[in-house]
1. How about region 57-66: which of its residues are in a strand (DSSP E or B) and surrounded by fewer than 20 Cβ atoms within 10 Å (Cβ to Cβ)?
2. With the checklist (1) within 26 Å of Leu17 (Cβ to Cβ); (2) within 14 Å of the chain's Cα centre (by Cα); (3) of a type outside the set (Ser, Thr, Tyr) in hand, flag the one item Gly58 doesn't pass.
3. Evaluate the following for Leu167: is it under 16 Å from Val93 (Cβ atoms), surrounded by 13 or more Cβ atoms within 10 Å (Cβ to Cβ) and of a type in the set (A, V, I, L, M)?
4. Against the condition in a strand (DSSP E or B) and in contact with a helix residue (DSSP H, G or I) (Cβ under 8 Å, 6 or more places away or on another chain), how does Gln75 come out, does it pass?
5. Tell me yes or no: at least one residue of region 110-129 is hydrophobic (A, V, I, L, M, F, W, C), modelled with pLDDT of 95 or more and farther than 29 Å from Trp172 by Cα.
6. Tell me, please, whether a residue that is among the acidic types (Asp, Glu), under 23 Å from Lys21 (Cα atoms) and surrounded by fewer than 15 Cβ atoms within 10 Å (Cβ to Cβ) can be found in region 87-99.
7. Write out, first by first residue and then by second, each pair whose Cβ atoms fall under 6 Å of each other, whose residues are 6+ apart or on separate chains, and whose first residue, in region 79-103, is over 15 Å from Gly60 (Cα atoms) while the second is open to solvent by 30 Å² or more (accessible area, probe 1.4 Å) and of a type in the set (Val, Ile, Thr).
8. Taking the condition of being open to solvent by less than 70 Å² (accessible area, probe 1.4 Å), at pLDDT 80 or above and either assigned to a strand (DSSP E or B) or within 30 Å of Glu72 (Cβ to Cβ) (or both), how many residues in region 1-39 meet it?
Amino acid sequence: MTLDAEARNQRNERKTLKEQKMQARRAQLALARQDDGGPLAWRGWFDGSAHPNPGKLGIGALLLGPHGERIEVSQGAGYGNSSEAEYAALTAVLQAALELRPPPTQLLLYGDSQVVINDVLGTTPLGAKGLEAQRASVVALLQQLNAVTLRWLPRHRNGEADRLSQLAITAWVAEDPPPLED
């Protein structure tokens, strides 16, 4: 193959990949404009933080029930990167939903990590590298629940979950301060 042909093939591959990403993004935005939850739907928000990135993980999640129920999760989640923190937060909100009695018949979940949302929904041709175990865990939890909808939302609309994740980091740092330097 000549260099010109190889360069054309690479440009075409990049163009195709870009088109696939744009289609997935348009589909995601269309879904985000709908809130198909009925009057008995539970709604949840999740967020994870890593300080520094990678570093200590804090997760936050909020579940709101149809009758005013409110469940908050704010806890340290070990060490890792921000995507691992986001997956840990999604796992925590799903586990909280599974502990409800009766479990929700419909659950709408919102997060601000496009990496995690796209990875779980399979809207990208390749899964997120290094997160296969977390994805498998989340998929297993999703299979235990009825009608779960997972949607991306902008960070500024995920404030309560972010607050809870930051609170977890702050509490963890206060318990385990860094060593003093000489």
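1. Leu64 - this is the single residue of region 57-66 that is in a strand (DSSP E or B) and surrounded by fewer than 20 Cβ atoms within 10 Å (Cβ to Cβ).
2. For Gly58, the exception is condition (1).
3. Taking the combined requirement at face value, the residue satisfies it.
4. yes
5. no
6. no
7. Listed pairs, sorted by first residue: none to list.
8. Number satisfying all stated conditions: 1.
The values are calculated or read from the model by the stated rules, or taken from the named source; none is laboratory data. On a predicted model such as this, the values are computed, not experimentally measured, just so you know. For neighbour counting, all protein chains shown are included, and Cβ atoms are generated from backbone atoms with ideal geometry for every residue, glycine included. The area values use the complete protein model at the heavy-atom level, side chains included, leaving out ligands, DNA and RNA. Shrake-Rupley method; radii C 1.70, N 1.55, O 1.52, S 1.80 Å.
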